[in-house]
Structure formats: C-alpha cells, structure tokens
Amino acid sequence: MLDSERSEWTRSWKTLSPPAQGLLLAGVFCLFFTSGLLMDIASLGGNTATRLVANAILSGGLATTYVLVVRLGARWIIPLVAMHILIASQFDKVFGHAGAPLTGDALRTRMQIDVNVTTVAIILSFVLLSHLIRTQGARRARCAPRSSWRATFIGVWCRGSRRGSASSSFAACRCPPVKSAAI
C-alpha cells in the first residue's frame, strides 16, 4: 500500500464517527462470520458445535482485524498474514479435527441450521452496511464543501441555482431547496 493510499484510508477512517466505525466493523464481522458456517456445510456437518462457533467467530474476527490493520500501512499486513497462518495451522490442535460427515436427518437438520444462520448473518451485514452507507452518504451530502461533487452539479439539479450564487453557498451545511429537477 502506497503512503498516499494509506493516508487516504486513514483520513477516511478518521472521518467516521465511532458509531459509524462500529457499524463498519460489525457489518464486516457478520459478513465473514458466514465463512465459518460455510466450512461446516463443506464438511457435511462434521464439525462439533464448539468447533463450528469458533470457526465462525474466527472468520469474522480475522476479517475485522484486516480492516483495522490495513489503515496502519503495509508494514503491518505481513505480520497479520503470518498471525492468520499461525492461527489457521493451530486451529485443529485447539478445537479438534472435524468429525465424520453427518448423514440422513441429522445432516438435513444441520444443513438447515447452517443455511438459516448464514442467511441471518448476511441480512444483518447488509442492514448494518446499508445503514452505514445511508447515514454517511446523508452526512457527506449535507456537509459537502463547495469543491465537492455537490458544488459541481447543484446548478444542474436545482432550478435557478448557479455556482457562486447565494442559493448554492451551502450555508450551515444545508442543501438549497430543490424545486424541480432539470435534466
């Protein structure tokens, strides 16, 4: 990661309020939590409940850690990848190997549970990330500086508004009222 990319990511991260950072991290966690559940589907339900939960939490936790570490720069990525490999290589020693695949009704029940929990986690991730995008987009649209995209397009979208006029001054971080859209 180049220093300019790092500084851009760091600046972007710092513009997020703590609740917005929490939404981002929770959304990433929920999205990657599903990876642990998909591993159970791939092993046909051969994981114990403890191993299944640990795998799901580890998947979400590692993804969240990557998001946090990327903002620190390239020098931290290599140690994180090394830690990821170390944790993955030791996972079986801590939580035991996956057992034999389930069959029949036990397999059907386990797959249904895996699919349902995966679906809920994906929906939760979507809701969290959508809320983040909506709130941050609204915040940015209200408080965009004159040099932003709003200043460029406000004259096109708002009838009677011209760049540099009082109606496009964005005083108090508010959009001028939109009477009708001109295309």
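The values are calculated or read from the model by the stated rules, or taken from the named source; none is laboratory data. Not measured: the values here are computed from a predicted model. Methodologically, a virtual Cβ is constructed for each residue, glycine included, from the backbone with ideal geometry; neighbour enumeration extends over all protein chains shown.
Worth a mention:
- Candidate set: region 22-53, residues that are β-branched (V, I, T) and in contact (Cβ under 8 Å) with a residue 24 or more places away in the chain; chosen: the one surrounded by the fewest Cβ atoms within 10 Å (Cβ to Cβ): T50
- Flag if G137 is modelled with pLDDT under 80, in the same structural domain as G45 (by TED's automatic domain parsing) and in a helix (DSSP H, G or I): yes
- Residue count, region 23-73 (criterion: farther than 28 Å from G104 by Cα and among the hydrophobic types (A, V, I, L, M, F, W, C)): 17
- In region 54-100, the qualifying residues are those that are more than 16 Å from the chain's Cα centre (by Cα) and of a type in the set (F, W, Y), and the one that is surrounded by the most Cβ atoms within 10 Å (Cβ to Cβ) is F95.
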